[in-house]
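Here is the structure we will look at.
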Amino acid sequence: MVFLGPAGGQIEVRLVKPPFDATERIYFDEYEELGKPHPEKLSYESFRYIASENTTYAIEVTLKKGFKYETYAGILVWVWDKARKVQIGREKFAKTSEENVLENDVTILVTTLSGAIVDGKEKDKVNLSFSGLSTGKFRMTSRVLI
């Protein structure tokens, strides 16, 4: 779990294992780089390491009570491959209510991404998936920016 966003309006991000509609969701274990202290202030990006397995996943974004939309029209989830320095995909979500400051937590579940490159072509509604690690295979590290 990672907390992003400006002070006074936190955004919580977690990666979810299937089934995504379960009453109690199961989350991937996340690890931080050793020796790196926690940032002193909240930001819009964070790096986490995940022991991958052969499965699909979803990104759960929770806008916490007190989140301030201010002038923003919504939320953009952007997944980036740090190793190759390319965008994996993105998904936009319009403002969930006319409230400028949320009175309750709002959870968004990202199960597919738009703008993903598959077989050299940009595609929409692409499922998110991991491949398990094995000797001799390239390991991809991604980050989520909001």
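Laboratory data are not the source of any read-out in this text; all were calculated from the coordinates shown. Remember, it's a predicted structure, so these values are computed and weren't measured experimentally. Neighbour counts run over all protein chains shown; Cβ positions are idealised from the backbone, glycine included.
Working note: Karplus 6.51/-1.76/1.60 with θ = phi - 60° gives region 73-85 the couplings 8, x, 10, 10, 9, 10, 9, 10, 8, 5, 5, 8, 6 Hz, where Gly and Pro are set to x. The label point for LEU76 and the one for SER97, both projected 7 Å from the Cα toward the Cβ, are 2.6 nm apart. Rounded to 0.05, the FRET efficiency of the THR107 and GLU32 pair, given R0 = 25 Å and the Cβ-Cβ distance, is 0.60.
Highest average first, the peptides 49-57, 108-116 ordered by how many other beta carbon atoms sit within 10 Å of their residues are 108-116, 49-57.
At an R0 of 25 angstrom, the distance between the Cβ atoms of ARG84 and PHE20 translates into a FRET efficiency of 0.40.
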